[in-house]
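*Asks:* Once you've had a glance at the structure underneath, I'll fire off some questions.
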Amino acid sequence: MRLELRGITKRFPGVIANRDINITVEPGEIHALLGENGAGKTTLMNVLFGLYQPDEGEILIDGEPVTFHDPGDAIAAGIGMVHQHFMLVPVFTVTENVMLGVESVRGPLGQQLDRPAARKRIVEISDAHNLHVDPDALVEDLPVGVRQRVEIIKTLYRHSNLLVLDEPTAVLTPQEDEELFEIMRSLQASGTAIVFITHKLNEAMEIADRITVLRAGQVVGTTTPTEATLESLAEMMVGRHVALVVDKEPATAGEVVLDIEDLVVQDDRGHVTVDGLDLQVRAGEIVAIAGVQGNGQTELVEAVTGMRRPAAGRVRIGGQLVKLEPRAILEAGVAHVPEDRLEEGCVPAFSIAENLVLNTYYREPFSNGLQLDREAIQQAATGLVRDFDVRTPSVFNPVANLSGGNQQKVIVAREFSRPISLLIAAQPTRGLDVGSIEYIHRRIVAKRDEGAAVLIVSTELDEVFALADRIAVMYQGKIVDILDPEVATPQQLGLLMGGSRPVGIVEAEAAGERTHVVTSGG
């Protein structure tokens, strides 16, 4: 399938999301669509998939103009889309989710769903592209990376010749990223064209045949990985030079601000996920927790921020035992950027202005104790939206209407805009573009330099090495080692994250020594 978008323009009240966009995708090509949050990438693909109608322009498939009134028309034309937020029914099996909407039936009167036939075809698709998905598994029991594969199978089940992947790595671990890229290469080898929407420069350079960059709703250029550099792509995206390396001075650590002692935390099923964990974070330093997703990082952050009651252990903030409840943690001078922005970080139906005061609405100048001062809230929100570059026509716009990256900016703006002694941030730049990442990294380092203690949890190893003054490696609910990022390597860190002990550590421990710095590979 050859796809052409000619002169596509899409307007919303107060915003031109796409302006005169021309893009061509050849058969069997992986075409990366790169751009900042709010650049118009997802809107353009929603036009292609029939979710929006273009105000101007046309879509051509194999040279013939087509009109998609809804996603059903796009699917019938051989276009599949895996959305940033998965469209799966958690209590259904993989097979039931895949056949939903295109059910095959059996029996003399067609009264039964033909699950065996659907299951057989799902197995064939899974085997052909090394997707490794159990057709009988309940979706709610699957990790995020496997759920994404189910979405890919859904599109292939419907005979898609062109697949749109909207920010597919935003919720994946580095290991799952590589698995996804192998799947994409397998699909490409079978002739499937792929539009890969991303804001991650290194991913576009690694996987794409061609790269089209959008900025402010317009195409600013099309290039290839051999012609481009990370620096040139960043400048095309943002319109200015972007520092891709975090500029920070060595830390000057002070008193212990966060002291976690023998902490035990259980997950929702009663399984121990944090197992006797000890960790200290000092004023003026950034400690980054590295680990494969699912080793207790989420439960650790939830416990320390009062969102989950620990089974045992003690947490001191500023030398004081604190009641592990959100309001008490807040009043102790703790800022929290949660892992799941929609479930825990904001109220989607509330306005941007309201979300920016969720944890300070009861204080002056936003309240006099009896009622809210709407004007003060609006003024503060207007300043934060400007300072944190939240792309929105109005601070009264519901957060639900923002892109994922702009939702994250609202949360970061709220948490960084008040005096704090401790910052706890889980995946602080998840879903953000390179310009926003640069800005937020600078703000995190600035908080450290102001004397705050900073605890970061990130699955992005580049981010861990860029920000951390110390790296705490977490495996099966414990801190297995603390490394110096100036000495450690990604390979050594990866071994510890997987439960292996690099050679330098093993030899030191065998000699009766204890090292917190990895010194050799393994």
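*Asks:* Place a +1 charge on the Cβ of each Lys and Arg in segment 239-326 and a -1 charge on the Cβ of each Asp and Glu, then give the dipole magnitude about the Cα centre in debye, rounded to the nearest 20. Numbers along the way, then the final one.
*Replies:* Details: 9 positive and 14 negative charges, 47 e Å.
With Lys and Arg at +1 and Asp and Glu at -1, about 220 debye.
*Asks:* Would you tally the net charge around residue 469, using a Cβ to Cβ cut-off of less than 11 Å, leaving residue 469 out, and scoring K and R as +1, D and E as -1? Each step should come with its number before you reach the end.
*Replies:* Numbers: positive: 248, 282, 448, 470; negative: 249, 285, 484, 486.
In short, 0.
*Asks:* Put a dot 7 Å past each Cα toward the Cβ at residue 141 and residue 367; how far apart are the dots in nm?
*Replies:* 4.4 nm
*Asks:* Using the alpha-carbon atoms, what tilt in degrees (0 to 90, nearest 10) does helix 144-157 show relative to the longest principal axis of the chain?
*Replies:* Compared with the principal axis, the helix lies near 0 degrees.
*Asks:* Okay, moving on. Quick check: the angle from helix 374-387's long axis to the longest principal axis of the chain, C-alpha only, nearest 10 degrees?
*Replies:* 80 degrees
*Asks:* Output the peptides 232-243, 280-291 sorted from most to least packed, where packing is the average of other Cβ atoms within 10 Å over each peptide's residues. Don't jump to the answer; show the numbers that get you there.
*Replies:* Numbers: 232-243: 16.4, 280-291: 23.0.
The densest-packed peptide leads the list: 280-291, 232-243.
*Asks:* Mind putting a number on the dipole of the chain about its Cα centre? Charges go on the C-beta only, +1 for Lys and Arg and -1 for Asp and Glu, and I need it in Debye to the nearest 20. Let's see the in-between values first.
*Replies:* Working: 46 positive and 75 negative charges, 203 e Å.
The calculated dipole for the chain is roughly 980 debye.
*Asks:* Next question, about the same structure. For segment 223-310, calculate the relative contact order in percent as a whole number, restricting contacts to Cα pairs under 8 Å that are 6 or more residues apart. Write down the numbers at each step before the final one.
*Replies:* Working: 93 pairs, mean separation 20.0, N = 88.
Worked out over segment 223-310, it gives 23 percent.
*Asks:* Okay, moving on. Exactly which GluC sites (Glu not before Pro) in segment 168-227 are in a DSSP loop and have at most 12 other Cβ atoms within 10 Å? Intermediate results must be reported in sequence, preceding the final value.
*Replies:* Working: sites: 176, 178, 179, 182, 203, 206, 227; in loops: 227.
Qualifying residues, ordered by number: 227.
*Asks:* Here's a follow-up. Per the helix-only calculation at 222 nm, which mean residue ellipticity applies to the chain, given -39500 (n - 2.57) for every DSSP H run of n ≥ 4 and division by its residues, nearest 500 deg cm²/dmol? Mind dumping the intermediate values first?
*Replies:* Details: 17 runs with 164 residues, N = 522.
Taking each H run of at least 4 residues, the total per residue is -9000 deg cm²/dmol.
*Asks:* Scan segment 330-388 for chymotrypsin sites (Phe, Trp or Tyr not before Pro) in coil per DSSP, keeping those whose Cβ has at most 14 other Cβ atoms within 10 Å, and list them by number.
*Replies:* On the way: sites: 350, 361, 362, 366, 388; in loops: 350, 361, 362, 366, 388.
Taking segment 330-388 and a limit of 14 other Cβ atoms within 10 Å, the loop chymotrypsin sites (Phe, Trp or Tyr not before Pro) found are 361, 362.
*Asks:* What full-extension length gain, to one decimal in nm, is calculated for residue 358 and residue 249 as 0.36 nm per residue of separation minus the Cα-Cα distance?
*Replies:* Contour length minus the Cα-Cα distance gives 35.9 nm.
*Asks:* Give, as a single signed number, the net charge of other residues whose beta carbon lies under 13 Å from the beta carbon of residue 221, with Lys and Arg counted +1 and Asp and Glu -1.
*Replies:* Working: positive: 210, 215; negative: 227, 235.
Taking every other residue near residue 221 into account, the sum is 0.
*Asks:* Same structure again: Taking the Cβ of residue 298 as the center, what net charge do the other residues with Cβ under 14 Å away carry, scoring Lys and Arg +1 and Asp and Glu -1?
*Replies:* Numbers: positive: 269, 308, 341, 430; negative: 267, 268, 299, 302, 339, 340, 343, 344.
Combined, the nearby Lys, Arg, Asp and Glu give -4.
*Asks:* Given the chain, what count of lysine pairs have C-alpha atoms under 16 Å apart, with each pair 8 or more places apart or on different chains? Please report the intermediate quantities before stating the final value.
*Replies:* Working: 10/41; 41/200; 120/154; 248/447.
Eligible lysine pairs with Cα atoms under 16 Å apart amount to 4.
*Asks:* If you don't mind, there's one more thing I want to ask. Antiparallel DSSP bridges in the chain: what percent, to the nearest 5? If you can, show how the numbers build up before the last one.
*Replies:* Numbers: 45 of 81 bridges.
So the antiparallel bridges in the chain amount to around 55 percent.
*Asks:* Between segment 385-429 and segment 76-128, what is the separation of their alpha carbon centroids in Å?
*Replies:* 38 Å
*Asks:* While we're here: Sorting check: for 302-312, 9-19, 134-144, which peptide has the highest mean count of neighbouring beta carbons within 10 Å, and how do the rest follow? List each step's numbers first, then the result.
*Replies:* On the way: 302-312: 19.4, 9-19: 16.2, 134-144: 14.6.
The packing order, highest mean first, is 302-312, 9-19, 134-144.
*Asks:* Nothing charged except the Cβ atoms of Lys and Arg (+1) and of Asp and Glu (-1): what's the magnitude of the dipole of segment 3-238 about its Cα centre? Round to the nearest 20 debye.
*Replies:* Details: 18 positive and 35 negative charges, 103 e Å.
It works out to roughly 500 debye.
*Asks:* If you don't mind, another one. Check each of the GluC sites (Glu not before Pro) in segment 48-105 and keep only those in coil by DSSP with at most 12 other C-beta atoms within 10 angstrom; list them in order.
*Replies:* Details: sites: 56, 58, 96, 103; in loops: 103.
When the GluC sites (Glu not before Pro) of segment 48-105 are filtered for loop state and at most 12 Cβ neighbours within 10 Å, 103 remain.
Where a number appears in this text, it was derived from the coordinates with a stated rule and is not lab data. Note that the structure is predicted; figures quoted are calculated from it, not measured. Glycine gets a Cβ as well: all are built from the backbone with ideal geometry, and neighbour counts include every protein chain shown.
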